Amino acid sequence: MSSILVIEDERSIRNTLKDIFDNEGYETDLAEDGQQGIEKIKQKDYSLIFTDIKMPKMDGIEVLEKTKEIKPEIPVIMISGHGDIDTAVECIKKGAFDFIQKPLDLNRMLITIRNATDKTQLIKQTKILKKRINKKYQMVGESAPIMQVKDMIDKVAETNARVLITGDNGTGKEVVAHWIHEKSKRSMAPFVEVNCAAIPSELIESELFGHEKGAFTSAHKQRKGKFELANGGTLFLDEIGDMSLSAQAKVLRALQENKITRVGSDKDINVDVRIIAATNKNLKAEIENKNFREDLYHRLSVIIIKVPSLNERLDDIPLLADYFITQICKEYGKPKLKITKKATELLKQKQWTGNIREFRNVIERLVIFSNKQITENEIKNYVI
């Protein structure tokens, strides 16, 4: 049930609003001044706050400002019997969901409440989804190399600087890209991923920039590209080293001008996108071999983050083993298995050419073939 807090110094209005909201199926709490209202907000998560503007002790504008400090996700609707355009504009600028002038129009009030509570529900659902995504893209490890990567992520995430992530296959470059986005001011906007190696060269431009209907034989309708879909958010160009030279030229223009043009169109479209690119190739060698544009490289590599191989962070193997055992046992509905110290030491001795991806596959294999615990015998039989 959605809960509403009404902050109003006039008892008759307070009680009338409570009767209306209770009849509509909402759970309604009351506060007779701003200070009392703020105390209730600190103690309970409301779906919506109704507050008068002119009140003793603390006025509605102060209530709005303090609410945005302590619980910014809660919509606040301002009500006043002395409303004017300047006051309404000030309230909206400070983050109010809406401004309603007394005497209150019942229909408008109920519609506003419905819209505000819908927004609150969407925010809650988004948080749940983001938690699920975060669980999928955990960055596990406390070794010096991985802590250096985490430190770099913290420093660059809040900026709009372009980032080039390098590292071998399976090291977790995609995880780094996700964490940069999640820690950035763009985290509520889209994170759009493009695997440049998986898209044929003749289709990459359409994939990135979109196309107009009839632009080519199979273009039966207009389609937005990844740049447009990521507008306001982050575009992750994975395996950028495999992008064709013609597509590289158009990406360069998009980065220079913040504009793209759909295939089959001559109209420019403005885009606001943060670019994160990743590659397992040596791009400087690719530049020497004329496979990659040097000017694009310099545009992409404002910040370079090298993700260490698993062989460079062997101290993280106990943590990684425990993390994946927990995850995989849960997926298979099995009680969590223990892993012996000798088994862990044997895992440290292996050369992990496939890095984290290979390591997870090995742990899954061990979970399948082990009983109550993973011992050195299972490592010798199924890994080494």
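The values are calculated or read from the model by the stated rules, or taken from the named source; none is laboratory data. Since the structure is predicted, the reported quantities are computational estimates derived from the model, not experimental observations. FYI the Cβ positions are ideal-geometry reconstructions off the backbone, even for glycines, and counts take in every protein chain you see.
Scan the range 370-378 and give yes if some residue there is assigned to a helix (DSSP H, G or I), modelled with pLDDT under 95 and either surrounded by fewer than 20 Cβ atoms within 10 Å (Cβ to Cβ) or hydroxyl-bearing (Ser, Thr, Tyr) (or both), otherwise no.
Yes: the range 370-378 contains one or more residues that are assigned to a helix (DSSP H, G or I), modelled with pLDDT under 95 and either surrounded by fewer than 20 Cβ atoms within 10 Å (Cβ to Cβ) or hydroxyl-bearing (Ser, Thr, Tyr) (or both).
Can you spot a residue in the range 175-188 that is in contact with an Asp or Glu (Cβ under 7 Å, 6 or more places away or on another chain) and among the polar types (S, T, N, Q)?
For the range 175-188, residues in contact with an Asp or Glu (Cβ under 7 Å, 6 or more places away or on another chain) and among the polar types (S, T, N, Q): present.
Looking only at residues that are aliphatic (A, V, I, L, M) and touching a strand residue (DSSP E or B) at 6+ places or on another chain (Cβ under 7 Å) in the range 306-349, which one is surrounded by the most Cβ atoms within 10 Å (Cβ to Cβ)?
Let us first name the residues in the range 306-349 that are aliphatic (A, V, I, L, M), namely 307, 310, 314, 317, 319-321, 325, 328, 337, 339, 343, 346-347.
The next check asks that each one be touching a strand residue (DSSP E or B) at 6+ places or on another chain (Cβ under 7 Å); those that pass are 307, 321, 325, 337, 339, 343.
Values: VAL307: 25, ALA321: 22, ILE325: 21, LEU337: 18, ILE339: 22, ALA343: 21.
Ranking the qualifying residues of the range 306-349, first place goes to VAL307.
Taking the range 13-53 as the search range and keeping residues that are under 17 Å from CYS91 (Cα atoms) and in contact (Cβ under 8 Å) with a residue 40 or more places away in the chain, which one is surrounded by the fewest Cβ atoms within 10 Å (Cβ to Cβ)?
Applying the filter and picking the extreme gives ASP52.
Of all residues being in a helix (DSSP H, G or I) and at pLDDT 85 or above in the range 117-147, which is surrounded by the most Cβ atoms within 10 Å (Cβ to Cβ)? Just the residue, please. Break it down stepwise before answering.
Residues of the range 117-147 in a helix (DSSP H, G or I): 117-136, 144-147.
Remaining after also requiring at pLDDT 85 or above: 144-147.
Numbers: ALA144: 11, PRO145: 15, ILE146: 20, MET147: 13.
Ranking the qualifying residues of the range 117-147, first place goes to ILE146.
Checking GLU331 against (1) within 29 Å of the chain's Cα centre (by Cα); (2) assigned to a loop (DSSP other than H, G, I, E, B); (3) modelled with pLDDT under 95; (4) not polar (S, T, N, Q), only one condition comes out false. Which one?
Looking at each condition in turn, GLU331 falls short on (2).
What about THR51, is it within 21 Å of ASN107 (Cβ to Cβ), of a type in the set (Val, Ile, Thr) and either part of a loop (DSSP other than H, G, I, E, B) or out of contact with any strand residue (DSSP E or B) (no Cβ under 9 Å at 6 or more places or on another chain) (or both)?
Working: within 21 Å of ASN107 (Cβ to Cβ): yes; of a type in the set (Val, Ile, Thr): yes; either part of a loop (DSSP other than H, G, I, E, B) or out of contact with any strand residue (DSSP E or B) (no Cβ under 9 Å at 6 or more places or on another chain) (or both): no.
Judged against the criteria, THR51 is not a match.
If we scan the range 320-343, do we find a residue that is without any contact (Cβ under 8 Å) to a residue 24 or more places away in the chain and of a type in the set (Phe, Trp, Tyr)?
No, the conditions are met nowhere in the range 320-343.
Check whether at least one residue in the range 354-375 is touching a residue at least 40 places away in the same chain (Cβ under 8 Å), closer than 30 Å to VAL273 by Cβ and not basic (Lys, Arg), and report yes or no.
Checked the range 354-375: at least one residue is touching a residue at least 40 places away in the same chain (Cβ under 8 Å), closer than 30 Å to VAL273 by Cβ and not basic (Lys, Arg).
Can you tell me which residue in the range 279-305 is surrounded by the most Cβ atoms within 10 Å (Cβ to Cβ), limited to those that are out of contact with any Leu (no Cβ under 7 Å at 6 or more places or on another chain) and assigned to a helix (DSSP H, G or I)?
Residue satisfying both the conditions and the ranking: LEU283.
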